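One structure is given here, and the rest of the page talks about it.
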Amino acid sequence: METLTIGDLAARSGVAPSALRFYEREGLIHATRTSGNQRRYERAELRRVAFIKIAQQVGVSLEEVRAALESLPENRTPTKADWSRLSERWRYRLEERIAVLERLRDQLTGCIGCGCLSLQRCKLVNPSDQLAGRGAGPQMIINPPSD
């Protein structure tokens with residue numbers, strides 16, 4: 001079986017060797033060691049690294065990534081079906097994130113429901129800081145009213 005050195009994995013994934021060592025320490029990816037104690041990665045680790053990299057770009061925490069990757073089998077290379085199951089579990093979470101990002105994009109120049117009452121529009125959208133009753137933070141973005 002062909003394995004990759006840390007330099008090969010870094011070059012193929014676009015992730016720095018230091019980040020790969022961090023991912024390994026965190027248990028997100030796995031390596032074997034040669035007799036000279038050099039890391040060797042199975043080619044399947046490329047997919048895990050790609051998953052981590054994309055997840056981080058959309059703001060998914062490493063804890064969430066770890067939980068997702070722990071659902072994959074340890075004793076064999078994950079199959080397409082394994083990745084499909086992981087993907088299906090994440091679909092709802094990703095759709096929630098997309099909705100929040102769309103609300104942010106659409107409302108950022110106006111009111112994001114922070115309760116600041118500093119913009120003229122706040123008197124219309126959030127009179128007397130009514131949104132404070134729904135919780136802290138930008139409620140119009142993270143907890144919009146149901147239509």
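Considered as a group, the residues in segment 59-76 that are modelled with pLDDT under 85 and assigned to a loop (DSSP other than H, G, I, E, B) include one that is nearest to the chain's Cα centre (by Cα), and that residue is VAL60.
If a residue counts only when it is closer than 19 Å to GLU70 by Cβ and not charged (D, E, K, R), which helices (runs of 4 or more DSSP H) contained entirely in segment 1-58 have at least 3 such residues?
Details: elements: 6-13, 17-25, 45-57.
Where helices (runs of 4 or more DSSP H) fall fully within segment 1-58 and carry at least 3 residues being closer than 19 Å to GLU70 by Cβ and not charged (D, E, K, R), they are 17-25, 45-57.
The number of residues in segment 45-68 that are exposed (fewer than 15 other Cβ atoms within 10 Å of the Cβ), on the phi < 0 side of the Ramachandran plot and among the small types (Gly, Ala, Ser) comes to 3. Restricting attention to segment 69-97, the residues that are surrounded by 14 or more Cβ atoms within 10 Å (Cβ to Cβ) and without any contact (Cβ under 8 Å) to a residue 12 or more places away in the chain total 1.
A search for C-beta distances below 6 Å between a residue of segment 10-24 that is of a type in the set (D, E, K, R) and any residue that is in a loop (DSSP other than H, G, I, E, B), counting only pairs 6+ apart in sequence or on different chains, returns GLU24/ALA31.
The values are calculated or read from the model by the stated rules, or taken from the named source; none is laboratory data. Being a predicted model, the structure only gives us computed values, none of them experimental. Here the Cβ is made from the backbone with ideal geometry for all residues, glycine too, and neighbour counts use every protein chain on show.
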